[in-house]
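The values are calculated or read from the model by the stated rules, or taken from the named source; none is laboratory data. Values in this document were obtained by computation on a predicted structure and should not be read as measured data. Positions of Cβ are generated from backbone atoms using ideal geometry, with glycine treated the same way; all protein chains shown enter the neighbour counts. Just so you know, the surface numbers come from the protein's heavy atoms only, side chains and all, with ligands and any DNA or RNA stripped out. Shrake-Rupley method; radii C 1.70, N 1.55, O 1.52, S 1.80 Å.
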Amino acid sequence: TGLVLFTFSSSLIGISITPVILSGILVLCFTNVFKKLIYSRSVKEAEKYSHFVESINGIATIKALSTEKDSYDKAEIKILASIDRNFKLSNCSTFQGTLQALLSQTGNLAVYWYGSYLIMQGKLSLGELIAFVTLLGYFLNPLGRLITLQPQLQELSVASKRIGEILDLPCEQE
């Protein structure tokens, strides 16, 4: 498909690929940020669930010592920390998605603008521009989907790292 697009207009294909390259650079810029946020969130989630399990397993002790309020306060703090990390991760993901959408739409606008310019110069027909844009969708959509997979791939990477950390911990003695 790329070769066919190149035969339509080499300058249009260059304009079309530029936003994809910029999106790739954007993904690379956000990689470490996502790793840190996802790791932080997973740690806070683990602490929250760990507290819940400990509280449920030791409910008799908590009731006997009348420390329900303390246990509740600790749980609330852990829940709020977990929500805060999820919110930060969501904001970062939304910001990156917005920037990628801006790049994509600006690229589309540039293709239509330059294509219109080529039509007015008589170097391209309207049908060729329509065919170019249609084929461009088949060419760039898979690349765009790969780029938008970045947050999920970061989740996978952090999750496998966390599992490794958990498996490396010494076994608890009962």
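Between residue 60 and residue 3, the simple label model (points 7 Å from Cα in the Cβ direction) yields a spacing of 7.6 nm.
Using a simple spin-label model with points 7 Å from Cα along the Cα→Cβ vector, what separation in nm is obtained for residue 128 and residue 105? With each label placed 7 Å out from Cα toward Cβ, I get 3.0 nm. Hey, any idea what % of the chain's accessible area is carbon plus sulfur with a 1.4 Å probe? Carbon and sulfur: 66 percent of the exposed surface of the chain. Using the Cβ of residue 76 as centre and a radius below 14 Å, the other residues enclosed give a net charge of 0, where K and R count +1 and D and E count -1. Model label sites at residue 149 and residue 86, defined 7 Å from Cα along the beta-carbon direction, differ in position by 2.6 nm.
With Cα atoms defining each centre, region 1-29 and region 53-83 are spaced 55 Å apart in the structure.
Nearest 0.05, what FRET efficiency do residue 95 and residue 21 give at R0 = 22 Å with Cβ-Cβ as r?
0.65
Note on the chain: dipole from Cβ charges, positive end direction compared against 5, 99, 146; the farthest Cα belongs to 5.
Roughly how many Å² is the accessible area per residue of the chain, as a whole number, for a 1.4 Å probe?
67
Against the chain, whose longest principal axis comes from its Cα atoms, helix 10-57 is set at around 10 degrees.
A simple charge model with +1 on the Cβ of Lys and Arg, -1 on the Cβ of Asp and Glu and nothing else charged puts the dipole of the chain at about 500 debye relative to its Cα centre.
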